[in-house]
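Please read the structure below before turning to the comments.
The values are calculated or read from the model by the stated rules, or taken from the named source; none is laboratory data. In this text, all values refer to a predicted model and were calculated from it rather than measured experimentally. Glycine gets a Cβ as well: all are built from the backbone with ideal geometry, and neighbour counts include every protein chain shown.
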Amino acid sequence: MAVCIAVIAKENYPLYIRSVATQNELKFHYTVHTSLDVVEEKISSVGKALGDQRELYLGLLYPTEDYKVYGYVTNSKVKFVIVVDSSNTSLRDNEIRSMFRKLHNSFTDVMCNPFYNPGDPIQSKAFNGVVSGMMVQTG
Amino acid sequence: MECQEERPIIYTMENKPIVTCAGDHNLFTSLYTSLAQQLPREPMEWRRTYGRAPKMIHLEANFVQFKEELLPKDGNKALLTFPFLHIYWTDCCDTEAYKSSVKEDMLRWHNSLRTHGSADWVIIVVESNDTKKKNKTNILPRSSIVDKIRSDFCNKQNDRCVVLSDPLKDSSRSQESWNSLLLKLRTLLLMSFTKNLGRFEDDMRTLREKRTQPGWSFCEYFMVQEELAFVFEMLQQFEDALVQYDELDALFTQYVLNFGAGDTANWLGSFCAPVRNWSGLLLRRPIDMEKRDSIQHEEASLLDLRSYLFSRQCTLLIFLQRPWEVTQRALELLHNCVQELRLLEVSVVDGALDCWVFLSCLEVLHRIEGCCDQAQLAANSSHTVGLWAYATDKLKSLGELCGLVSEKGPTSEDLNKTVDLLAGLGDERPETVNSLQSPYKKLKEALSSVEAFERHYLELSHAAMEMYRAIGRVRSARLVGKSLAEFHMRKGDPKKAETFLQEALKSYLSEGWSLPVTHTRRQIAECQKLLDRKEDYLQTSALLAGDSNLSTEERTHFCQEILNFAGKPGNPSHKATLSMSVFAQLTQLQFHPACASVHSGAALKVELTLRCMMPISVHIQQLAASIHFDVDHGGTHGRTKRAQRRTNLGVIEFKMGDSLAGLPCSAAPGPSLELDEVQDRSPSDNSLNSTGVVCKNTHLLLHHHEGTSLPDTLNCVSPPTVTMKEGAQMLKVQDVTLAPGNNSIVFTAPSGQAGTYTLRQLCATVGEVQFVLSHIYPSVRYEVYSQEPQLTVEPLSEPLLAGLPQMVKFTLLTGHYTVKKGDALQLSNAETLPILPSTSCTARISSPTAELVSESTLSIQSSEKVTSISLPPTPPYHVLEFQLEVVCVIPSGSERPANERLTNGEVRHRPRSYSHPDTPMTAIDQRMSIDCPWSIYSTLLALTFYIPFKTKHSLLSAGNRKYIQVCVQNVSDVNFTLAEVKLTEKQHASLELQSLNTKTHQLLCSKHSLFCLWEVRWKDELPSCMKCVFSASFSPLSQDTSAFKPFHYQFQLERVTTLYSVKAEISPPAGEQHCRSGLLCGLEVCITRLTEPAEGEIAEESKTDPDGLKVTKLMYEVADSNSNWAVCGKSSGMVLMPMKVNATHKVHIEVMPLFAGHLPFPKIKVLRYLPHTAALAIQPDPDSCVENDSLSLLDKTLDDQGDTASIRSRGSVHSVGSGDQQQRGVAMPRLEAFSPGQVFNHSHTQQVLVLPATDDHIMEVNAT
Amino acid sequence: MAHEAPFQLLHSELIHYICKTADGADSENGRSVTKLENMGFRVGQGLIERLTKDTARFKDELDVMKFICKDFWTCVFKKQIDNLRTNHQGIYVLQDNKFLLLCHMSAGKQYLEHAPKYLAFTCGLVRGALSNMGVKSIVTAEVSVMPACKFQVMIQKL
């Protein structure tokens, strides 16, 4: 499904970023980092656009020839970014949504974990597991 | 008359729904214009089927002459050519004509319509007055014609026949009929639309349902649905039109996906054909007929279809004023196409797609520019920038493909490629042939030459970057910048490249993206190497060598780069200087000793922990730390404490400026807030108004946020200019090897001069390279102090007892002084404090850390003046200890030593004794003055001794006989044995003191007292004054008798002779045998002179009795202290006493016992009466006063029981009168008490029996 | 209203513990309240993360404050803030007329001197929540008549 999943802190540094082993990790770092531009654009345009119900899900940030980059922002300004392969057309919008929800739930648990210090990179195995679940290739 | 001509239908916006006209042609022609004009004037609501929202539409029509062949054959799907309404025109008004001709014609028309099953027709009857005028003959009511027509044609469809009256007049009437006509026409048209489109859509749907069946053709279906789209477009229903295309789009996409999923639909054939033409999108025509045809003939390639589809959507979107949707869809389309071709495994020439995408991007952009003004474009660049960037990318990859990006131009092979690609573009489209800036031209030119390519590429990239910047997509802009940098690198222009890279690097660093940082750094390193910017390159290499994101090999490579540079000899004057943080980090610093404070010359070690970040161990020629020294005077132990507090146990931790793994500064927390509780009390009564929690450091928190600066390790994208200041002093170690990870390096710190040493910089030298830590923070300093020698003496055991040998401990802190051989302490002896020469006196020498260094025996020479203790050689800042035995002589009574000078020439103090608050013992401060080799001044030390004994004496008399009692009280905690108790009198040889003490040795336990008694015997006469010395020897009970020490107590007795004896008799009242309480009895006092007048006794010269004897006045006083007696009459009186032996004087006094029983006699006092003239008996001399109080302490308790004689009471004046009379030299008669021994009172302890009174009552009376 | 009792009691114990373990210096220079506040901070962070998981994105600062006063407060203290005031310059005053953590202690001025300890944790709670929402702030508190109290939020403009 996803080829890269990233969690980015309020201050825009990566709390967690993982991509499928097969592909060039660096490229994803660049992609995700660049996507922050659009995330910020969307966040800042809150309320301006009419009939925008201020969802946490930001939708498709931008497509590239090879990837589709989706965004999500928690109320704590933590950003989730999911990159999927453009060739993977089996994924519909609501599937992406549910992925983000899963991610958010798991992240919340991380935040409430006494052994996690907010702002530190995420090492939680549980979280990692959830991410792995989303990255397994399904056709 | 264009309406009548046959014209081939071209699918443009000029299309209008077709309406056929039959019947009277000239009539129609006359009305056509106004009709055509007026029909669209009013909008009409179109109610739709399938729950689609109703629309208001303006209807237009294309009126054509009715022809049989216009009517649709069945099965014909064409909609645009479909006549939606058929009109028959007539203005016939007489029945004859109607019957004869018109009706036939109408019938023919009507039948042909019916045969083609089109029910959308209307008959319009035009009537005007002038037509009436023409033939007045047999006029029928107009209505009749209409009625006829109606009855003939429209059975129960009366509305199919409409009357239009006086159309060419403008009268309200004609206007009315026009309106109703138009309304009718519109209604009918719409009805027809609904009916026919509905039917069409149904057919279309059924056709779509068949799509799974073999032989079904997408292209065919495409044409059908597009027909519908066209109609909507014709009706200006662009939304609906667009929907048609979107459905087609979706349908196709779905097919491709299914194909991808394995379902091979045969119709895909043509689309899977290899791509031969890649001449981008074409958006400048409303309809690209070529492509449409190719689709119609099922020859379209995938790109053709997509292009056509998009061009239509684009057109409609622009009609709908949604240009930005165009750009967005365009981007999706392009991506999608690329994907689809991949999915369908369509074979494409390398770069062909890039060309197609590039051209398409530009085409879209041009189209948009064509329909928006500059302002709009600027405002919406967020929508267009994507296309720009995409185009840029594609151009770049094309350039690379065609070898236009390499330093040495394209190879022949590249050129072939280029040619093929250009071939695929075909000829330029007519629309753009004569526009200079067409995408086609751009691409052709860009691929034509290296220079041209560069120009175009840079132009595009910069455009893209600018737009990104403009809309605040900085990161994207930087990414473009990066690829631009790569381009420059390829072109061998590292200078240009670096600026872009550095900019990008900054943003990655500031946002803490380690991987991009690493990658970008590597590129920068490459640039710097090419640019031959040594230090920068080394700096970057160092960073990379320590970068955990890189493989060990890579890291080792960069590390090696540094070492290589370091290896080759450069100019010694200038070494390459890098910031140390990239090479190794100072993590910890530790002092030994921990207090970080030593005396001058002592050893101080500084241990650094360096975390080396190099992947391999690095050999360092020298590691040096520069020191800033500043002298501060009086640096002593005091500051040591501070040093300890500042650095906990000498360990200083340095927080990690971890360059990459760590969070960026933006995340670094500011100062943590500090809260406090507050209480607000009302000023009036101190009651609490309110309490709360407040923040103590608000100001800090509120202002810390502006300007978050990066930690310098992050910051050093280019190495900071660090220089090693050559400090005067340095910590240095040579030739250390730093292994990866933590290394500990130990320095020996200079500690020569006393003062504060602050570590400033750290510098590691590796050949030609220096790594400098320009500022050690938190600041690290150590102190060196110097100390004066100190000599102290303290008792080994508290308390020191006077009179006994006691151990005292001498402690010498040598400080900065070195005790040389032959150095000695000179103690000036005081005989009150002799130092006992002991055989074995050893001195311990121990280091500051209190471990024993050496022991040696002291040699002590004592003369009677001086004791000199020669000290063993001792190094500085050591401790020299030894013990001496001293004795403090107990001052005995009244010895008065002359003030002698001490050897060192200062006046020697007599030890003063005083009573110490916390012991009952009397304390003596013994000062000793010591001359030390290190100072010209002699050291004064004081020891406090305590006298273990309190001694007091008393004189006891019995008539003439005299006894002396001495009481020794042991106030110490030690038990003693007392021996050889002696009392001696010096002056009077005749005098003999006979001891009445039996035991020789006496145990005197702590807090016990010992009483000794002597009888005084004398020959001829008792001296008026005796100087006695009580002496005993004592030793602690534990020790043997040899350790006996003498104890002396001196005292003096004066006027001990008994002058008078006083006797008293109490005689019962007359006739009584015994005294009775309450009855008066007689008291007879008889005072007898016992001795001749002694010298110093004052007589009253005037008063002499007849015998010429000297007389003296005595005063007696009868006082009963404890009111057993009532004295009646005068209780006191004066007697003249002749001063001769046995002179007696009797006094009779009445007294009354108040109680029964054996009552002690009332007290009888005898005092000397001194006339005012008389001089004072004794002038007390000041010395004796001194003497007195020096001893008064010894017998303070004596005074309490003041009746017995004491030295103190000697010569002191006891007055009966009130206090003021006491002053000396006041000429008044005075009373003077006798010294205790001088008057012996026989009645002292006498008692007399008193019987109780017979009558209590009386007694009671008397008692009152 | 038994369900909030555990929190109430635990909270009191917490304070008791902190103040017991504090040495003289601590208590007098307010280190214990600071300690409590910091605890609250961490709790606030976690809690708000959880509570805002399903809410719409906040429009602005005020939006966040409202959430704190309504949902957040209700979740922790079983009631809403009674009154929220702001000067639109980054200062907000939240007034709770019957503050859960005080109402079991006293009504009026009794124990008033101890009240601050019982507010520190909550100050932290609010600050933590806000900071996790990206609103850096300083939160202080004031009581004059228990169980009513005011919390003042001062936004740190970045």
_Filter result (assigned to a loop (DSSP other than H, G, I, E, B), touching a strand residue (DSSP E or B) at 6+ places or on another chain (Cβ under 9 Å) and farther than 23 Å from B:Leu343 by Cβ) within the range A:62-77_ = A:Thr74
*For residues that are assigned to a strand (DSSP E or B), more than 8 Å from every other protein chain (Cβ to nearest Cβ) and of a type outside the set (Val, Ile, Thr), tally how many sit in the range C:116-148.*
2
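A quick yes/no check of all residues on (1) under 11 Å from B:Val364 (Cβ atoms); (2) crowded, with 23+ Cβ neighbours inside 10 Å:
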position	(1), (2)
B:Phe271	no, yes
B:Trp278	no, yes
B:Leu283	yes, yes
B:Pro286	no, no
B:Leu302	no, no
B:Leu309	no, no
B:Gln321	no, no
B:Ala330	yes, yes
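Quick one: in the range B:1008-1038, which of the residues that are assigned to a loop (DSSP other than H, G, I, E, B) and out of contact with any Ser or Thr (no Cβ under 9 Å at 6 or more places or on another chain) is surrounded by the fewest Cβ atoms within 10 Å (Cβ to Cβ)? Break it down stepwise before answering.
Here is the first cut: in the range B:1008-1038, the ones assigned to a loop (DSSP other than H, G, I, E, B) are B:1008, B:1018-1024, B:1037-1038.
Subsequent filtering for residues that are out of contact with any Ser or Thr (no Cβ under 9 Å at 6 or more places or on another chain) retains B:1008, B:1038.
Numbers: B:His1008: 14, B:Ser1038: 10.
Taking the candidates together, the pick is B:Ser1038.
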*Residue list for the range A:12-35, filter: closer than 22 Å to B:Ile471 by Cα, assigned to a loop (DSSP other than H, G, I, E, B) and without any contact (Cβ under 8 Å) to a residue 24 or more places away in the chain*: A:Tyr13
*Give the residue, chosen from B:Arg478, B:Arg473, B:Arg533, that is without any contact (Cβ under 8 Å) to a residue 60 or more places away in the chain, among the basic types (Lys, Arg) and within 14 Å of chain A (Cβ to nearest Cβ).*
B:Arg478
*What number goes with the only condition from (1) among the hydrophobic types (A, V, I, L, M, F, W, C); (2) under 60 Å from the mean Cα position of the chain (by Cα); (3) over 23 Å from B:Val231 (Cα atoms); (4) away from chain A (no Cβ under 12 Å) that B:Leu317 does not pass?*
(3)
*Determine which member of the set C:Glu113, C:Glu49 is within 11 Å of another protein chain (Cβ to nearest Cβ), surrounded by fewer than 16 Cβ atoms within 10 Å (Cβ to Cβ), of a type in the set (Asp, Glu) and not in a loop (DSSP other than H, G, I, E, B).*
C:Glu113
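Going by what's in this entry, would B:Asp170 be described as in a loop (DSSP other than H, G, I, E, B) and either touching a residue at least 24 places away in the same chain (Cβ under 8 Å) or charged (D, E, K, R) (or both)?
yes
Residues that are within 51 Å of the chain's Cα centre (by Cα): list the strands (runs of 3 or more DSSP E) wholly contained in the range B:809-879 that include at least 2 such residues.
B:842-846, B:852-857
Quick grid of which residues meet (1) away from chain A (no Cβ under 14 Å); (2) at pLDDT 80 or above; (3) crowded, with 16+ Cβ neighbours inside 10 Å; (4) touching a Gly at 6+ places or on another chain (Cβ under 8 Å):
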site	(1), (2), (3), (4)
B:Gly215	yes, no, no, no
B:Phe218	yes, yes, yes, no
B:Met223	yes, yes, no, no
B:Glu227	yes, yes, yes, no
B:Phe230	yes, yes, yes, no
B:Gln237	yes, yes, yes, no
B:Leu242	yes, yes, yes, no
B:Ala261	no, no, no, no
B:Thr264	yes, no, no, no
*Failed condition for A:Tyr67, given (1) out of contact with any Leu (no Cβ under 9 Å at 6 or more places or on another chain); (2) closer than 28 Å to B:Phe358 by Cα; (3) within 14 Å of chain C (Cβ to nearest Cβ); (4) of a type outside the set (Asp, Glu), with all others met?*
(3)
_Residue that is in contact (Cβ under 8 Å) with a residue 24 or more places away in the chain and within 12 Å of another protein chain (Cβ to nearest Cβ), where the choices are C:Val76, C:Val64_ = C:Val64
*Do we find that B:Gln969 is in a strand (DSSP E or B), buried (at least 16 other Cβ atoms within 10 Å of the Cβ) and not charged (D, E, K, R) in this structure?*
yes
*Extreme residue, farthest from B:Leu1080 (Cα to Cα), among residues of the range B:1039-1069 that are in contact (Cβ under 8 Å) with a residue 12 or more places away in the chain and of a type in the set (S, T, N, Q)*: B:Thr1041
*Number of positions in the range B:15-53 that are touching an Asp or Glu at 6+ places or on another chain (Cβ under 7 Å) and in a loop (DSSP other than H, G, I, E, B)*: 4
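Looking at the range A:78-112, which of its residues are assigned to a loop (DSSP other than H, G, I, E, B) and either at pLDDT 90 or above or touching an Asp or Glu at 6+ places or on another chain (Cβ under 6 Å) (or both)?
A:Val78, A:Ser86
Looking for whichever is at pLDDT below 85 and either more than 14 Å from every other protein chain (Cβ to nearest Cβ) or within 58 Å of the chain's Cα centre (by Cα) (or both) here; the options are B:Glu363, B:Glu290. Which one fits? If you could, list the steps in order and put the result at the bottom.
Values: B:Glu363 fails: at pLDDT below 85.
Checking each option against the conditions leaves just B:Glu290.
Of all residues in the range B:768-802, count the ones that are of a type outside the set (S, T, N, Q) and under 45 Å from the mean Cα position of the chain (by Cα). Give the derivation first.
Filtering the range B:768-802 for residues of a type outside the set (S, T, N, Q) gives B:768-769, B:771-773, B:775-778, B:780-785, B:788-789, B:791, B:793-796, B:798-802.
In the following step, the residues that additionally are under 45 Å from the mean Cα position of the chain (by Cα) were identified as B:768-769, B:771-773, B:775-778, B:780-785, B:788-789.
Selection size over the range B:768-802: 17.
Hey, among B:Pro750, B:Pro740, B:Pro778, which residue is at pLDDT 85 or above and not assigned by TED's automatic domain parsing to the domain that holds B:Val886?
Numbers: B:Pro750 fails: at pLDDT 85 or above; B:Pro778 fails: at pLDDT 85 or above.
Answer to the check: B:Pro740.
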*Which ones in the range B:589-613 are modelled with pLDDT of 85 or more and either surrounded by fewer than 16 Cβ atoms within 10 Å (Cβ to Cβ) or under 11 Å from B:Glu768 (Cβ atoms) (or both)?*
B:Lys605, B:Glu607
*Qualifying residues in the range B:498-524 (those that are crowded, with 21+ Cβ neighbours inside 10 Å and in contact with a Gly (Cβ under 7 Å, 6 or more places away or on another chain)) - the one farthest from the other protein chains (Cβ to nearest Cβ)*: B:Phe500
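Answer yes or no as to whether C:Leu101 is touching a Ser or Thr at 6+ places or on another chain (Cβ under 7 Å) and more than 11 Å from chain B (Cβ to nearest Cβ). Working first, answer last.
Details: touching a Ser or Thr at 6+ places or on another chain (Cβ under 7 Å): yes; more than 11 Å from chain B (Cβ to nearest Cβ): yes.
So C:Leu101 passes the test.
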_Looking at C:Arg57 and the list (1) closer than 30 Å to A:Lys42 by Cβ; (2) touching a helix residue (DSSP H, G or I) at 6+ places or on another chain (Cβ under 8 Å); (3) away from chain B (no Cβ under 14 Å); (4) assigned to a helix (DSSP H, G or I), which single condition is not satisfied?_
(4)
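Going through the range B:1129-1160 one residue at a time, which ones are surrounded by fewer than 13 Cβ atoms within 10 Å (Cβ to Cβ), of a type in the set (A, V, I, L, M, F, W, C) and either within 60 Å of the chain's Cα centre (by Cα) or in a loop (DSSP other than H, G, I, E, B) (or both)? Before you say what the answer is, go through the steps one by one.
Quick first cut of the range B:1129-1160, residues surrounded by fewer than 13 Cβ atoms within 10 Å (Cβ to Cβ) only: B:1129-1130, B:1134, B:1141-1142, B:1146, B:1148, B:1158.
Then keep just the ones that are of a type in the set (A, V, I, L, M, F, W, C); that gives B:1134, B:1141.
Scanning the range B:1129-1160 gives a single hit, B:Val1141.
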